[in-house]
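The values are calculated or read from the model by the stated rules, or taken from the named source; none is laboratory data. Keep in mind that what you see is a predicted model, and the values were worked out from it rather than measured. Cβ atoms come from the backbone with ideal geometry, glycine included; neighbour counts cover every protein chain shown.
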């Protein structure tokens with residue numbers, strides 16, 4: 001019995017093989033990244049972990065608009081928390 005691949009263009013077969021190899025590579029890369037991240041985390045003390053998390057969060061929130069950040073705070077924690085987190089206007093003017 002003939003294989004369906006016998007009737008495919010060699011370029012198509014090569015492309016499919018490349019896609020399969022990329023999928024394997026991507027899975028290996030994903031595993032390497034996850035293992036490396038846990039290795040870093042396991043080596044952190046509490047203060048360093050806090051700093052790393054702070055840096056990650058601020059970097060992500062800096063990409064958002066004022067409205068997006070305030071909406072997220074209200075959705076997750078409520079308006080009272082948003083009010084507590086707002087910078088003091090008097091403090092900003094004295095700086």
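Below are the figures for this structure:
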quantity	calculated
Verdict on residue 6 being part of a helix (DSSP H, G or I) and either at pLDDT 75 or above or in contact with a helix residue (DSSP H, G or I) (Cβ under 8 Å, 6 or more places away or on another chain) (or both)	no
Any pair with Cβ under 9 angstrom, 6 or more apart, that starts in the range 23-48 at a residue that is at positive phi and ends at one that is part of a helix (DSSP H, G or I) and surrounded by 10 or more Cβ atoms within 10 Å (Cβ to Cβ)	none
Residue tally, condition exposed (fewer than 10 other Cβ atoms within 10 Å of the Cβ) and part of a helix (DSSP H, G or I), over the range 43-57	2
Boolean, residue 40 is within 17 Å of the chain's Cα centre (by Cα) and either in a helix (DSSP H, G or I) or modelled with pLDDT under 75 (or both)	yes
Selection within the range 69-83 - loosely packed, with under 10 Cβ neighbours inside 10 Å and within 18 Å of residue 58 (Cα to Cα)	76
